[in-house]
Amino acid sequence: MRRKRLYEGKAKILYEGPEPGTIVQYFKDDATAFNAQKRGTITGKGVLNNRISEYLMTHLAEMGIPTHFIRRLNMREQLVREVEIIPLEIVVRNVAAGSFAQRFKMEEGSPLPRTLIEYCYKSDELGDPLVAEEHVLAFNWASPQELDEIVALTVRVNDYLSGLFLGIGLKLVDFKLEFGRLWEGEEMRVVLADEISPDSCRLWDLQTGEKMDKDRFRRDLGGIEEAYQEVARRLGVLPETGPADAPAPQTLQ
Ligand code: UDP
């Protein structure tokens, strides 16, 4: 079936959906880091992130968080509602790590006085710069009401996901959310969009402290595929055939 490709990003392709107001999100195995200066492939990542994001979005919806997610279509695709993406990356930090730890010369894993929410302006050209609420409002990237709604939803998402991951032995260190405007006639609602996966979360094993997320790729730690698989397995969404589209014969050990 020929479908119109609307957008190709670093990890996903968006196609026109079967009905008006819908979009198909196709999850690729491509990985990038450091504003696309580092590129690579994580075999099976797309299949796993499709499942992981489906699982998390579905559970968040059950908790009353509005999301763009409609349903998973196949191994690599999910149907979502078309939204107008608010050009902000909402970053939640429960523990110091990554660029935050560097910025404040803190040891990774240091506790924070409280959970922090940061905003980055979504712009590949500018490298997603950190911005303040002042910039968000002055440049009208979001209205005050939208920003209030985004923060309220983000706090609920963090509470829910932190507990969910704790239950499977993972610490939710930090993560990134994106929101969109969903138009329903004259009415507009802010909904959770994009994806939630080990590409956009830092997840550390509670027992060993091992990184179970994209930092394995960013920092060349190896075992990337295995880490994504382990997250999927603990969530109970590892496809029986494994993450590959065409399962290869496997030797059991
Ligand atoms: N993050 C993301 N996309 C981005 C930047 C960050 O999904 O473009 C996520 C990242 O995976 C981490 C959190 O947001 O879970 C905080 O990332 P940080 O600002 O520390 O940047 P990084 O160290 O990943 O460059």
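Data overview
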quantity	calculated
Any pair with Cβ under 7 angstrom, 6 or more apart, that starts in segment 144-170 at a residue that is more than 29 Å from residue 210 (Cα to Cα) and crowded, with 17+ Cβ neighbours inside 10 Å and ends at one that is at pLDDT 95 or above and among the aromatic types (Phe, Trp, Tyr)	150/179
Residue selected from segment 223-235 under the condition touching a residue at least 12 places away in the same chain (Cβ under 8 Å) and closer than 17 Å to residue 165 by Cβ, by the criterion surrounded by the most Cβ atoms within 10 Å (Cβ to Cβ)	228
Residue list for segment 1-45, filter: hydroxyl-bearing (Ser, Thr, Tyr) and out of contact with any strand residue (DSSP E or B) (no Cβ under 8 Å at 6 or more places or on another chain)	43
Output for segment 46-64, where each listed residue is part of a loop (DSSP other than H, G, I, E, B) and out of contact with any helix residue (DSSP H, G or I) (no Cβ under 6 Å at 6 or more places or on another chain)	64
When residues of segment 21-76 are limited to those that are closer than 29 Å to residue 126 by Cα, surrounded by fewer than 18 Cβ atoms within 10 Å (Cβ to Cβ) and small (Gly, Ala, Ser), the one nearest to the ligand (Cβ to nearest atom)	33
Selection status of residue 229, over 26 Å from residue 46 (Cα atoms), out of contact with any Ser or Thr (no Cβ under 6 Å at 6 or more places or on another chain) and more than 14 Å from the ligand (Cβ to nearest atom)	no
Output for segment 178-196, where each listed residue is within 14 Å of residue 65 (Cβ to Cβ) and assigned to a strand (DSSP E or B)	178, 179, 180, 182, 189, 190, 191, 192, 193
Looking only at segment 178-222, and only at residues there that are touching a residue at least 60 places away in the same chain (Cβ under 8 Å) and among the aliphatic types (A, V, I, L, M), the one that is farthest from the ligand (Cβ to nearest atom)	182
Every residue from segment 171-214 that is surrounded by 15 or more Cβ atoms within 10 Å (Cβ to Cβ) and of a type in the set (Gly, Ala, Ser)	180, 193, 197, 200
Helices (runs of 4 or more DSSP H) completely within segment 77-177 that count 1 or more residues being farther than 20 Å from residue 33 by Cβ and either modelled with pLDDT of 95 or more or near the ligand (Cβ under 10 Å from one of its atoms) (or both)	133-138, 144-166
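The values are calculated or read from the model by the stated rules, or taken from the named source; none is laboratory data. Since the model is a prediction, treat every value here as computed from it, not as a measurement. Neighbour counts are summed over all protein chains in view; Cβ atoms, including those assigned to glycine, are modelled from backbone coordinates with ideal geometry.
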